[in-house]
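A short worksheet on the structure shown next.
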Amino acid sequence: MSLARRLRIGFLFIPFIVSGCAGLPKYKAPQANQPTAALKINHDFNAPLLGYSTFVNVHSEEESCGKSFGEESAAQLVILDDSNPLISPLNPDGVNLVADKKYTFMIMSVAGMSNCTTYASFKPKADQNYEINVSGKLGAHESYCKAELVHIDGKSKETSPMQFEYYGNCRESNN
């Protein structure tokens, strides 16, 4: 089977690959009286011409890994798309998170039949701005991804890298 045909078939299967994400409710913004932090997610992949999508689900359980993405606290947070007409973006300009609450993110990027998933968690501070930058390569022969957490100073707009509380694939024996 030619590469172009495999890519076309993979392109058609994207909705099936991410259908598990569709079962989760959409993230609900915090109430007006709650202290919040702003979060924006960006993605930049070396991927096939047919484009790629990044799906970010979130939960606020204390455990970073395990069954928490099936709990009531799990939700679709962000959907970013690059050139796939079958995918509708969700919160591409960012969201507000309740401050001082731990959030765990399942970040899955998909291009054709290639995908890459990373789990990361952190606890945002009130009135702060954050970005998670997701990047890597999605391809038929090799796929890898990384997520980087950045704090953005509200006045100077300078960025500084931060460490996630948890970062991995949730297969390690240690959470």
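The values are calculated or read from the model by the stated rules, or taken from the named source; none is laboratory data. Note that this is a predicted model, so its numbers are computed, not measured. Here the Cβ is made from the backbone with ideal geometry for all residues, glycine too, and neighbour counts use every protein chain on show. For accessibility, only protein heavy atoms count, side chains too; no ligands or nucleic acids. Shrake-Rupley method; radii C 1.70, N 1.55, O 1.52, S 1.80 Å.
Each residue in the range 92-112 was checked for being part of a loop (DSSP other than H, G, I, E, B) and within 18 Å of Ala147 (Cα to Cα), and 4 of them qualify.
Hey, does the range 153-175 have a residue that's surrounded by fewer than 18 Cβ atoms within 10 Å (Cβ to Cβ) and within 12 Å of the chain's Cα centre (by Cα)? It would help to see each step written out before you state the result.
To start, the set of residues in the range 153-175 that are surrounded by fewer than 18 Cβ atoms within 10 Å (Cβ to Cβ) comprises 153-163, 165, 167-175.
If we keep only those that are within 12 Å of the chain's Cα centre (by Cα) as well, we get none.
No, the range 153-175 contains no residue that is surrounded by fewer than 18 Cβ atoms within 10 Å (Cβ to Cβ) and within 12 Å of the chain's Cα centre (by Cα).
Evaluating His59 against the criteria (1) touching a helix residue (DSSP H, G or I) at 6+ places or on another chain (Cβ under 8 Å); (2) more than 13 Å from Tyr27 (Cβ to Cβ) leaves one unmet condition, (2). Phe69 passes all but one of (1) assigned to a loop (DSSP other than H, G, I, E, B); (2) more than 11 Å from Val110 (Cα to Cα); (3) open to solvent by 20 Å² or more (accessible area, probe 1.4 Å); (4) not hydroxyl-bearing (Ser, Thr, Tyr); which number fails? Among (1) assigned to a loop (DSSP other than H, G, I, E, B); (2) more than 11 Å from Val110 (Cα to Cα); (3) open to solvent by 20 Å² or more (accessible area, probe 1.4 Å); (4) not hydroxyl-bearing (Ser, Thr, Tyr), the lone unmet condition for Phe69 is (1).
Here is the figure for the range 92-112: residues that are open to solvent by 30 Å² or more (accessible area, probe 1.4 Å) and under 17 Å from Gln31 (Cα atoms) total 3. Among the residues of the range 113-152, just one is touching a Leu at 6+ places or on another chain (Cβ under 8 Å), assigned to a loop (DSSP other than H, G, I, E, B) and open to solvent by 10 Å² or more (accessible area, probe 1.4 Å), namely Ala140.
When each of Ser173, Ser156 is tested for being in a loop (DSSP other than H, G, I, E, B), modelled with pLDDT under 95, hydroxyl-bearing (Ser, Thr, Tyr) and within 27 Å of Glu63 (Cα to Cα), the lone residue that passes is Ser173. Checking Leu80, Leu39, Leu86 one by one, the residue that is assigned to a loop (DSSP other than H, G, I, E, B) and either modelled with pLDDT of 95 or more or open to solvent by 40 Å² or more (accessible area, probe 1.4 Å) (or both) is Leu86 and no other. Considering the conditions (1) in contact (Cβ under 8 Å) with a residue 40 or more places away in the chain; (2) open to solvent by 20 Å² or more (accessible area, probe 1.4 Å); (3) not small (Gly, Ala, Ser), His59 is excluded by exactly one of them, (2).
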